[in-house]
Structure formats: structure tokens, C-alpha cells
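The values are calculated or read from the model by the stated rules, or taken from the named source; none is laboratory data. Since this is a predicted model, take the numbers as computed values, not measurements. Here the Cβ positions follow ideal geometry from the backbone for every residue, glycine too, while neighbour counts run over all protein chains shown. These area figures cover heavy atoms from the full protein model, side chains too; ligands, DNA and RNA do not enter into them. Shrake-Rupley method; radii C 1.70, N 1.55, O 1.52, S 1.80 Å.
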Amino acid sequence: MEKIILVTGATSGFGKAIAEKFAVNGWNCIITGRRADRLMQLASTLQSEHEVKILPLVFDVQDKDAVFQELGNLPDEWQSIDVLVNNAGLALGRDPFDAASLADWETMIDTNVKGLLYVSKAVLPYLVKKGSGHIINMGSTAAKEVYPNGNVYCASKSAVEAISKAQRIDLLPYKIKVTALHPGAVDTEFSIVRFKGDNAKAEAVYAGYEPLHATDIADVCYYCATLPAHVCINDLVITCTSQANSLFTFKG
Ligand code: NDP
Ligand code: 8X3
């Protein structure tokens with residue numbers, strides 16, 4: 001039977017790699033993001049290279065009305081979602097608490113926390129109706145240890161971890177699996193976004209060691225999503241071999 005994955009934030013990084021991994025394996029994909037040109041390009045590439053259907057939906061996860069408008073009334077053929085990957089997210093700035101920008105804090109909370117809640121709420125009725133499904137939430141090692149100048153980004157990912165725990169309990173009656181993935185450093189556009197286009201600062205994050213790559217996260221995500229129905233990975237920390245946790249990375 002054809003399977004359906006919905007992945008948010010598919011225009012870049014993990015989300016794009018996850019859509020590619022699942023499409024290669026024959027899954028139909030609902031892909032989302034704000035950058036329409038990238039999303040349409042990915043949809044067209046995946047459809048032409050693999051025997052799959054792709055539904056691209058352009059919206060901002062911070063916009064509650066848009067989330068429910070786009071996801072609340074999916075065409076019938078797309079409603080039987082098997083896996084939701086709540087991946088869209090970002091860090092903005094890496095400044096001490098006293099100097100950090102309030103606007104950056106609000107954007108991180110609105111995207112990483114409220115956006116994840118809106119998308120989950122909009123998609124859940126399909127999973128509940130089916131009596132099965134899998135929600136995979138993108139946390140971070142930042143959820144596990146707060147690091148200097150990580151303040152609200154770390155808090156937003158701790159919230160993702162707590163929300164995942166709550167979903168896991170409350171959704172038990174519907175046989176819905178909930179997995180929180182917690183990657184360490186991965187060389188996506190994450191740091192370019194965090195440092196607002198400062199490429200030198202972004203590159204420095206990944207210098208002196210081999211970080212994880214987006215395809216590593218996609219492989220792990222695919223593994224979690226294709227385990228037998230009675231098996232659920234609840235919480236998984238993934239780092240490159242040079243990283244122990246948020247605070248310790250061996251560079252040299
Ligand atoms: P990228 O910047 O490469 O990708 C982020 C994706 O999120 C883009 O597709 C972007 O799409 C989407 N996105 C961001 N804001 C919004 C929004 N308001 N509405 C809709 N989509 C949005 O970063 P990563 O792939 O690295 O990050 C993916 C997730 O993984 C994030 O939640 C991040 O916090 C987390 N993470 C990243 C790590 C890393 O080291 N890279 C490690 C641990 C976790 P668009 O701009 O087109 O809307
Ligand atoms: C992204 C990894 O270390 O920048 O979540 O917080 S880190």
C-alpha cells in the first residue's frame with residue numbers, strides 16, 4: 001500500500017533530505033516551507049525521478065490560520081498520512097540573555113514551539129481517524145543541555161522534548177507513535193540562518209571536524225519510521241563522532 005509522509009521545512013537541510021529519502025523508497029510526500037520556488041523545484045525533481053506523488057504546500061508555520069487552511073482540509077487522497085515530521089525550525093542569534101533580541105526570541109518560539117503545535121493539531125485528526133500514525137518531532141542536543149548564549153533556542157527545543165512526551169502519553173489510545181530526534185551539529189543552512197547570512201561565522205561552527213550531514217538525519221528518520229508497528233523509538237540523540245553533547249566537540 002502507498003505510504004504518505006508530511007514533512008515541514010522541506011526547502012532545505014533535514015527536511016529536504018528526509019523528503020528525498022522517503023521518495024526514493026516510494027513514499028508519497030507532502031512537503032512544506034515558505035520558499036515557493038525551492039519547494040516547487042523539489043516537488044518537480046522528486047516526481048520526475050521517482051514513481052511518487054508530491055503535494056507541495058507553501059505556508060509559514062507561525063501563521064495559525066494558514067496552517068489550518070492548508071492542512072485542515074487536505075484532498076481525500078492525501079488524508080491518510082502515516083508519518084508527520086515536525087521539522088521546520090530555526091535558531092536566530094547566539095547572544096547572552098541580556099543582549100539577545102526579543103524579536104529573535106519571539107520568532108524562535110513562534111516557529112519551533114507554536115508552529116509545531118499548530119501543525120500537530122491540524123494533522124492529528126487524520127491520524128486519530130486512521131487509528132495509527134507516527135509523529136517525529138525535531139528536537140536537538142540543545143534540548144538536553146543548555147549551552148552559553150543558547151538561551152531561548154535551547155528553551156524552544158526543551159519545549160519540543162516536553163511536547164513529545166505529552167503527545168506520547170495522550171495519543172496512546174490511538175496507537176500513534178511519537179519520536180523525538182535530537183541531532184547535534186549538522187552542516188545545513190541552520191547556522192547561516194542563525195548568524196543572519198554571516199557565512200564566516202556559520203562555517204566556523206563546522207570547522208575542524210566532520211559534523212553530521214542532513215542525509216544522516218534522513219537515514220535515522222527513515223529507520224525510525226519503518227520499524228514494526230509495535231516498536232517505537234521514543235527519544236534519540238544523534239551526534240557526529242567528534243561531538244559528545246551540546247558543550248563538548250573535539251576540534252583538531
Ligand atoms: P535549515 O535552515 O537548512 O532548514 C530549515 C527549514 O525550516 C527550511 O526548510 C525552512 O523553510 C523551514 N522553516 C523555517 N522557518 C519556517 C517557518 N516559519 N515556516 C515554515 N517553514 C519554516 O535547517 P536544518 O535543516 O538544520 O533544521 C531543521 C530542524 O532541525 C530545525 O528545527 C532545527 O532547529 C533542527 N536542528 C538542526 C540542527 C543543525 O545543526 N542543523 C541540529 C539539531 C536540530 P523556509 O525558509 O523555506 O520556510
Ligand atoms: C542545533 C544544534 O548545537 O546549534 O540544534 O544547538 S546547536
Self-check item: GluC sites (Glu not before Pro) restricted to DSSP loop in the stretch 1-109 with at most 15 other C-beta within 10 Å
Solution: E2, E51
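Could you do me a favour and compute the accessible area per residue for the stretch 4-238, 1.4 Å probe, result in Å²?
On the way: 10400 Å² over 235 residues.
Computed with neighbouring chains in place, this is 44 Å² per residue.
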Quiz prompt | Column: log10 I(q)/I(0), Debye, Cα scatterers of the stretch 67-186, q = 0.19, 0.20 Å⁻¹ | solution = -0.98, -1.05
Quiz item: Round to a whole number: what % of the accessible area of the chain belongs to carbon and sulfur, probe 1.4 Å?
Solution: 55 percent
Quiz prompt | Neighbour count of at most 14 Cβ within 10 Å plus DSSP loop: longest trypsin sites (Lys or Arg not before Pro)-free window in the chain | solution = 36-195
Exercise. Work out, in µm²/s and without decimals, the Stokes-Einstein translational diffusion coefficient of the stretch 110-252 at 25 °C, 0.890 mPa s, Rh from Kirkwood over C-alpha pairs.
Key: 151 µm²/s
Quiz item: Which of rounded, prolate, oblate describes the stretch 77-124, given a ≥ b ≥ c as roots of the alpha-carbon gyration tensor eigenvalues and a/c under 1.5 marking rounded, otherwise prolate only if a/b is larger than b/c?
Solution: prolate
Practice problem: Express as a percent, rounded to the nearest 5, the fraction of DSSP beta bridges in the chain (both residues included) that run antiparallel. | Solution: 5 percent
Quiz item: Helices from the chain with mean Kyte-Doolittle at least 0.5 and a Cα length along the axis of 15 Å or more, per DSSP H: which?
Solution: 13-24, 116-130, 214-225
Self-check item: Residues whose placed amide H lies under 5 Å from that of K3, excluding near-sequence neighbours
Solution: N28
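Just to confirm the filter: which chymotrypsin sites (Phe, Trp or Tyr not before Pro) across the stretch 94-172 are DSSP coil and have at most 12 other Cβ within 10 angstrom of their Cβ? All intermediate terms of the calculation are to be shown ahead of the outcome.
On the way: sites: F97, W105, Y118, Y126, Y153; in loops: F97.
Counting only loop positions with at most 12 other Cβ atoms within 10 Å, the chymotrypsin sites (Phe, Trp or Tyr not before Pro) in the stretch 94-172 are F97.
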Quiz item: Rounded if a/c is under 1.5, else prolate if a/b beats b/c, else oblate: with a ≥ b ≥ c from the C-alpha gyration tensor eigenvalues square-rooted, which is the stretch 98-153?
Solution: oblate
Quiz prompt | Accessible-area value, I30, 1.4 Å probe, nucleic acids and ligands omitted, Å² | solution = 0 Å²
Quiz item: What per residue convex hull volume, in Å³, do the alpha-carbon atoms of the chain yield?
Solution: 124 Å³
Quiz item: Around C240, with a cut-off of 9 angstrom between Cβ atoms, what is the net charge of the other residues, counting Lys and Arg +1 and Asp and Glu -1?
Solution: -2
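Would you please name the GluC sites (Glu not before Pro) within the stretch 157-252 that are DSSP coil residues with at most 11 other C-beta atoms within 10 Å of their C-beta?
Sparse-neighbourhood loop GluC sites (Glu not before Pro): none present.
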